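*Asks:* Shown below is the structure under consideration.
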Amino acid sequence: MNRQPVVLQLTDSLEAGGAEVVAINIANALNHRKISSHLAVSRKEGSLKNRLENEVGYYFLNRTKLIDFRAFQKLHQYINQHRITILHAHASSWFLAVVMKLWNPSVKIVWHDHFGFSEQLHKRNSFPIKMGSIFFKTTISVNQILLDWAKKSLYAKYFYYLPNFVMKTRKNTAEKPTILAGKSGKRIICLANLRPQKDHLNLLNAFKMMHQGYPNWTLHLIGNKSDLKYYNEIQAFINQNNLKEHVWIYGDQSDVSLLLTQADIGVLSSKSEGLPLALLEYGMAKLGVVVTNVGDCAEVLDNGKNGCLVHPSNAEEFAQKMIFLINNEQERKTRGENLYQKVQTTYSEEAVCRQLLNIYYQLV
């Protein structure tokens, strides 16, 4: 049998985002399996740090520029000190992984592609990644579209599809639990950072249509507000349409599982996706869902068996599906249960980590 890997997850930040959550989840999951597990953050810490379990090795580089020799030296020392054998680089952190490979030739690079605009790959600036992939041993893609692109475009030796996965909460990460406004039993929740790709404005248009017939229902937006221009557009829409008492914005929240227990319907109105973790988290909470048919959403929902799929940028269709779930509580619960079973079978920690460990052991 191959020797046991020592794995360092590498990410540029710990602000709330799909790639960052996956890095945390993998680091924790490896720790549960008694694998020597580490995580390094190059540029910026964030709220997700609270999700990292204490037994996982952690290092913050505080890298301030593209070529930061001080940060490079610190990570080089950490890799040597802990005898890291695999650098699992997420998204844009591939560049730092390549630098470390030049300094530590024996380490193997696994690059994890989380590109969220998988329907718009023709717009991707792929040349730098292609050059960097000369040093990749393995690439992991979060959906089939990205896997096909990697096989055609990159120089790595091995190519894998590995779905995102969600984990059961093992500790309370919120200092003070957030309680959602509105009436219990009449809450719709959206887990999505406030940026144009997530198309909250389409969701708000749909909610406005729906709300005319169902005024007691409320909408709750959870996600980072760092894109101030877009955030201001959302606030303007809410104010102009007299929705201030019905739409609530909470910003980045650490205890997502607690928030989902307070909701009844989960929604995503994205223009494009890879494999949204939010949808998997809705499934763990057994929510009825309405999501746009982008990325791997149709695969997760079994083309509608586990929830409602709508076309992107179609507010009227989105409103109709929300109304359907509101009026059909038993159907909502049935689809929520179906989604839960799908997530448990295909997108759980146990299911995905078996595949991931096989990838790691092939490298060592």
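The values are calculated or read from the model by the stated rules, or taken from the named source; none is laboratory data. Only a predicted model underlies this, so the values are computations on that prediction, with no experimental measurement involved. Don't worry about glycine lacking a Cβ; one is built from the backbone with ideal geometry, like all the others, and counts go over all protein chains shown.
*Asks:* Scan E316, E350 and give me the residue that is farther than 16 Å from Y282 by Cβ and within 19 Å of the chain's Cα centre (by Cα). Let's see the steps before the verdict.
*Replies:* Details: E316 fails: within 19 Å of the chain's Cα centre (by Cα).
The match here is E350.
*Asks:* In this structure, does S141 turn out to be among the hydroxyl-bearing types (S, T, Y), touching a helix residue (DSSP H, G or I) at 6+ places or on another chain (Cβ under 6 Å) and over 20 Å from P312 (Cα atoms)?
*Replies:* Details: among the hydroxyl-bearing types (S, T, Y): yes; touching a helix residue (DSSP H, G or I) at 6+ places or on another chain (Cβ under 6 Å): yes; over 20 Å from P312 (Cα atoms): yes.
Taking the combined requirement at face value, the residue satisfies it.
*Asks:* Kindly indicate the residue of region 234-255 that is without any contact (Cβ under 8 Å) to a residue 24 or more places away in the chain and farther than 16 Å from W217 by Cα and also surrounded by the most Cβ atoms within 10 Å (Cβ to Cβ) among those meeting that condition. Before you say what the answer is, go through the steps one by one.
*Replies:* Narrowing region 234-255 to residues without any contact (Cβ under 8 Å) to a residue 24 or more places away in the chain: 235-236, 239-240, 242, 244-245.
Retained after the next criterion (residues that are farther than 16 Å from W217 by Cα): 235-236, 239-240.
Values: Q235: 15, A236: 11, N239: 10, Q240: 8.
Only one residue fits best here, namely Q235.
*Asks:* In addition: List pairs: first in region 123-146 and in a helix (DSSP H, G or I), second hydroxyl-bearing (S, T, Y) and at pLDDT below 90, Cβ under 8 Å, 6+ apart or cross-chain?
*Replies:* Here the result reads I145/S118; L146/S118, each pair linking region 123-146 to a residue that is hydroxyl-bearing (S, T, Y) and at pLDDT below 90.
*Asks:* Hey, another quick one. Determine whether L162 is surrounded by 13 or more Cβ atoms within 10 Å (Cβ to Cβ), closer than 28 Å to Y230 by Cα, in contact (Cβ under 8 Å) with a residue 24 or more places away in the chain and of a type outside the set (S, T, N, Q).
*Replies:* On the way: surrounded by 13 or more Cβ atoms within 10 Å (Cβ to Cβ): yes; closer than 28 Å to Y230 by Cα: no; in contact (Cβ under 8 Å) with a residue 24 or more places away in the chain: yes; of a type outside the set (S, T, N, Q): yes.
So L162 fails the test.
*Asks:* Does A174 satisfy the criteria of being aliphatic (A, V, I, L, M), modelled with pLDDT under 95, touching a helix residue (DSSP H, G or I) at 6+ places or on another chain (Cβ under 8 Å) and part of a loop (DSSP other than H, G, I, E, B)? So that I can check it myself, show each step before the final result.
*Replies:* Numbers: aliphatic (A, V, I, L, M): yes; modelled with pLDDT under 95: yes; touching a helix residue (DSSP H, G or I) at 6+ places or on another chain (Cβ under 8 Å): yes; part of a loop (DSSP other than H, G, I, E, B): yes.
Yes: the conditions hold for A174.
*Asks:* Separate question: Name the residues in region 61-71 that are aromatic (F, W, Y) and within 13 Å of S93 (Cβ to Cβ), would you? Spell out how you get there, then give the answer.
*Replies:* Taking region 61-71 and keeping what is aromatic (F, W, Y), we get 69.
Answer for region 61-71, where residues must be aromatic (F, W, Y) and within 13 Å of S93 (Cβ to Cβ): there is none.
*Asks:* Listed residues G283, G266, G295; which is buried (at least 23 other Cβ atoms within 10 Å of the Cβ) and in a helix (DSSP H, G or I)? Before the answer, list the steps.
*Replies:* Numbers: G266 fails: in a helix (DSSP H, G or I); G295 fails: in a helix (DSSP H, G or I).
Step by step, each of G283, G266, G295 is checked, and only G283 is buried (at least 23 other Cβ atoms within 10 Å of the Cβ) and in a helix (DSSP H, G or I).
*Asks:* Another question about this same structure. So, K229, is that one buried (at least 19 other Cβ atoms within 10 Å of the Cβ) and farther than 20 Å from E329 by Cβ or not? Even if it seems obvious, please write down each step before you answer.
*Replies:* Working: buried (at least 19 other Cβ atoms within 10 Å of the Cβ): no; farther than 20 Å from E329 by Cβ: yes.
The answer is no for K229.
Residue-by-condition table, conditions (1) touching a helix residue (DSSP H, G or I) at 6+ places or on another chain (Cβ under 9 Å); (2) among the acidic types (D, E); (3) under 25 Å from L66 (Cβ atoms):
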position	(1), (2), (3)
P5	yes, no, no
Q9	yes, no, yes
N28	yes, no, no
N31	no, no, no
K34	no, no, no
H38	yes, no, yes
V41	yes, no, yes
K44	no, no, yes
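*Asks:* Now a separate question. Can you tell me which residue within region 208-231, out of those that are over 24 Å from the mean Cα position of the chain (by Cα) and in a helix (DSSP H, G or I), is farthest from V256 (Cα to Cα)? Can you show your working first?
*Replies:* Going residue by residue through region 208-231, those that are over 24 Å from the mean Cα position of the chain (by Cα) are 208-218.
Next cut, in a helix (DSSP H, G or I) only: 208-211.
Working: K208: 25, M209: 27, M210: 25, H211: 25 Å.
Among residues in region 208-231 that are over 24 Å from the mean Cα position of the chain (by Cα) and in a helix (DSSP H, G or I), the one farthest from V256 (Cα to Cα) is M209.
*Asks:* Got a number for residues in region 138-168 being in contact with a Leu (Cβ under 6 Å, 6 or more places away or on another chain) and of a type in the set (K, R)?
*Replies:* 0
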